[in-house]
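Novice: Structure incoming, see below.
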Amino acid sequence: MYGFKDEFEYFQCSDCDCLQILNYPKNMDKYYSDNYYSKIQKNNGIKKIILNLRDKYSFYRKGLLGKILNEKFPNLALESLSFLDKKPNSKELKIVDIGCGAGNLLFTLREFGFENTLGVDPFISKEINYENGLKIVKGELSETKDKWDIVMFHHSFEHIPFQIKTLKNAKNLLTENGLCLIRIPVVSSYAWENYGVNWVQLDAPRHFYLHSIKSMEVLAKQCGMRLGKVEFDSETLQFWGSEQYLKDIPLNAKESYANGVKNSIFSSKEISEFAKRAKDLNKNQRGDQANFFLYKQ
């Protein structure tokens, strides 16, 4: 990501295919930018309108303009929860997001009327309180004592060192029919098999564990949970990010596509082709990230 050239050893289980770091680095602060946990910036004017249209389509699946915007700039975290719109009294559900950073997803849910929401993150500098009533507390999952209908990990679970302990804690926080939603990169993917150590979502050393579908099934069983459906939602990043790494271009480099197509090595046509390939991989459960729905046994 930053071009430090640091090296880390990973190993892959020959049984369940889980890929994991051999030793946890002592100083992880180096690998997170200063603005990684910065507070949500308030949007105004046309940008606010555009994001609202996009987000409403992501969640409610309504609106032609929102659909077009969502195709270009999807809100995948919000899409993973779109099923809630089909449930009666869903806005009464108690939802906690673990490792939520500044709480962007929860903020949007709060704006949509979900008032029983809480964010928990051990690495924010201090508690965050937003005008709409959302609170993001500095702390650990184990410090949360309430029962929750939904416990979420949106691309945070792969950063957590103690997987079994964490998932058992999540299970204990769930109501009887509660859901644990885990969104993570997966090695059950074309990207890992094709790019290997240049796979962008390996993201060493920040990602400690990169699961397969099988290893998530094993982990769930060890924690007294069952794995329900698995939904793939990989993006173009798996291609352009990994191709950049092959050419020694860090994700945060000036010429990275992360800063737009103008100075990147890719054309708009190539990015469109990456998007089509990502959709096909998701349909065939071969994308490089997925949503795992876990329940109490």
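Novice: What net charge is computed for the residues neighbouring Glu255, neighbours being all others with C-beta under 10 Å from the C-beta of Glu255, Lys and Arg scored +1, Asp and Glu -1?
Specialist: Numbers: positive: Lys247, Lys254, Lys262; negative: none.
Around Glu255, the surrounding residues sum to +3.
Novice: Next question, about the same structure. Would you calculate a helix-derived [θ] at 222 nm for the chain, using -39,500 (n - 2.57) for each DSSP H run of n ≥ 4 and dividing by the full residue count, to the nearest 500? If you can, show how the numbers build up before the last one.
Specialist: On the way: 9 runs with 90 residues, N = 297.
Helices in the chain give a 222 nm mean residue ellipticity of -9000 deg cm²/dmol.
Novice: Of the DSSP beta bridges with both residues in the chain, give the percent that are antiparallel, rounding to the nearest 5. Before the final figure, lay out the partial values.
Specialist: Details: 19 of 36 bridges.
So the antiparallel bridges amount to about 55 percent of the total.
Novice: How do Cys16, Cys223 line up, fewest other C-beta atoms within 10 Å first?
Specialist: Working: Cys16 16, Cys223 22.
Sorted ascending by nearby Cβ count, the order is Cys16, Cys223.
Novice: Kindly give the semi-axes, whole Å and largest first, of the ellipsoid equivalent to segment 1-145, taking each as the square root of 5 times a Cα gyration tensor eigenvalue. Intermediate results must be reported in sequence, preceding the final value.
Specialist: On the way: eigenvalues 191, 80, 68 Å².
Rounded to whole Å, the semi-axes are 31, 20, 18.
Novice: Along the charge dipole of the chain, Cβ charges K/R +1 and D/E -1, which of Val137, Leu202, Leu78 sits furthest on the positive end?
Specialist: About the Cα centre, the residue reaching furthest to the positive side is Leu78.
Novice: Can you classify the chain as rounded, prolate or oblate using the Cα gyration tensor, where a ≥ b ≥ c are the square roots of its eigenvalues, rounded means a/c under 1.5, and otherwise it's prolate if a/b beats b/c and oblate if not? Can you show the working numbers first?
Specialist: Numbers: a/c = 1.39, a/b = 1.11, b/c = 1.25.
It comes out rounded by the Cα gyration axes.
Novice: Could I ask something else about it? Run the numbers for Arg277 and Ile50: contour at 0.36 nm per residue of separation, minus the present Cα-Cα distance, in nm. Walk me through the intermediate numbers first.
Specialist: Details: separation 227, 0.36 × 227 = 81.72 nm, distance 2.63 nm.
Fully extending the segment from Arg277 to Ile50 adds 79.1 nm.
Novice: At a 10 Å Cβ-Cβ cut-off, how would you order His211, His159, fewest neighbours first? All intermediate terms of the calculation are to be shown ahead of the outcome.
Specialist: Details: His211 26, His159 17.
By the 10 Å Cβ count, ascending, the order reads His159, His211.
Novice: Can you list the residues, at least 5 places off or on another chain, whose amide H is less than 5 Å from the amide H of Trp148, using H built in the peptide plane?
Specialist: For Trp148, whose amide H was placed from the backbone, the distant partners under 5 Å are Leu174, Thr175.
Novice: Taking the beta-carbon count within 10 Å as an exposure proxy, list Asp97, Asp55, Asp233 from fewest neighbours to most.
Specialist: Details: Asp97 26, Asp55 21, Asp233 17.
In order of increasing Cβ crowding within 10 Å: Asp233, Asp55, Asp97.
Values in this text are rule-based calculations from the coordinates and carry no lab data. Because the structure is a prediction, the values reported are computed rather than measured. Every residue, glycine among them, receives a Cβ derived from its backbone with ideal geometry; neighbour counts consider all protein chains shown.
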